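One structure is given here, and the rest of the page talks about it.
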Amino acid sequence: IICTIEFPGAANPCKSNPTLKHTPTHKRSATAQRPRLCVGGAQLNVSGHTMMGLVILVAIGLYLLISFGVVAWAISHAKKSGKSAKRWGWGAALAMYLIPFWDWIPTVAVHQFYCAKDSGFWVYKTLDQWKVENPGVMETLVANKGAPQTQDRFDEGHGVTDTYLLNDRFNWIIIKRDIFSLLPIMRFEQQVKDVKKDEVLARYVDYATGNSIKNTIGPPGPLKFWLHSGHCGGGEMNDSKLAHFFIAAKNINEK
């Protein structure tokens, strides 16, 4: 079975020699960005997620083969040296297990700790209360088209603050930062703030695992899929609540 991958702009590998060509993203049309997988001459459309899944499966398969080989070598070496084949075999298996999985349990444990410690959604002042405290202001506010954005990085790239200017009074602020250098755990905080009074009206805090703010592509990256957790318990609902709040704040003067 011949298996090749065709990217847009490449010669059809099902009809010619197996080649791999890549067309720059800015030159591809929206309908021509999906690579095709050719198996035995048949051409199949493959999404980016499917391709990543194939890469992960290949990586797992290769690592399992290497692991079996290391364990077999350890057992053989132990027998030749007159040592315990069982201990050497299990020791080699444990070592090969820990190479990819050493941070799994610590990451899950620390993630759960921080989720229980301070994740959640809080409204410190409703928009109706704000209107009462600021009479006549609502009528003057106009939503900024597209919500202009500013970005500031801190902590040597391990943190980033995105500020969206909703209107003349309200900003939507997103603060993301790594909380550990060894474990891939990230803290996310969103705020809706009255910038004139420097007052936070609503806030949402969540934690995610599996990557880092500074190294978005590097390890553990997408290959360590077992580390990926996008939210704490209830995090998606809290995210949605904050989104509804900032949209209402942005369009507070719309009938």
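Of the residues that sit in segment 127-145 and are assigned to a helix (DSSP H, G or I) and among the polar types (S, T, N, Q), which one is farthest from N167 (Cα to Cα)?
Here the answer is Q129.
Pairs only if they're at least six apart or on different chains, beta carbon under 7 angstrom, first in segment 98-112 and of a type in the set (S, T, N, Q), second in a helix (DSSP H, G or I); list them, first residue then second.
Taking only residues 6 or more apart or on different chains, the pairs are T107/L227.
Could you please tell me which pairs satisfy a Cβ distance under 8 Å, a separation of 6+ or placement on different chains, a first residue in segment 200-227 that is under 19 Å from P106 (Cβ atoms) and of a type in the set (F, W, Y), and a second residue that is at pLDDT 85 or above and part of a strand (DSSP E or B)?
Close Cβ pairs satisfying both conditions: Y207/I185; Y207/M186; Y207/R187; Y207/F188.
When you go through P135, P148 one by one, which is the residue that is surrounded by fewer than 14 Cβ atoms within 10 Å (Cβ to Cβ), over 19 Å from D178 (Cα atoms), of a type outside the set (V, I, T) and in contact with a Leu (Cβ under 6 Å, 6 or more places away or on another chain)?
Exactly one residue qualifies, and that residue is P148.
Identify the single condition in (1) at pLDDT 90 or above; (2) within 21 Å of the chain's Cα centre (by Cα) that K86 does not satisfy, given that it satisfies every other one.
(2)
Only one residue in Q129, Q190, Q151 is touching a helix residue (DSSP H, G or I) at 6+ places or on another chain (Cβ under 8 Å) and more than 30 Å from P100 (Cα to Cα). Which one?
Q190
Given the criteria out of contact with any strand residue (DSSP E or B) (no Cβ under 6 Å at 6 or more places or on another chain) and free of Cβ contacts under 8 Å to residues at least 24 places away in the same chain, does K197 qualify?
Yes; evaluated as a whole, the condition is true for this residue.
Every residue in segment 114-124 that is within 14 Å of D194 (Cα to Cα) and either among the β-branched types (V, I, T) or surrounded by 15 or more Cβ atoms within 10 Å (Cβ to Cβ) (or both), please.
Hit for segment 114-124 is V123, nothing else.
The values are calculated or read from the model by the stated rules, or taken from the named source; none is laboratory data. Owing to the predicted nature of the structure, the values given are computational and were not obtained by experimental measurement. Cβ atoms come from the backbone with ideal geometry, glycine included; neighbour counts cover every protein chain shown.
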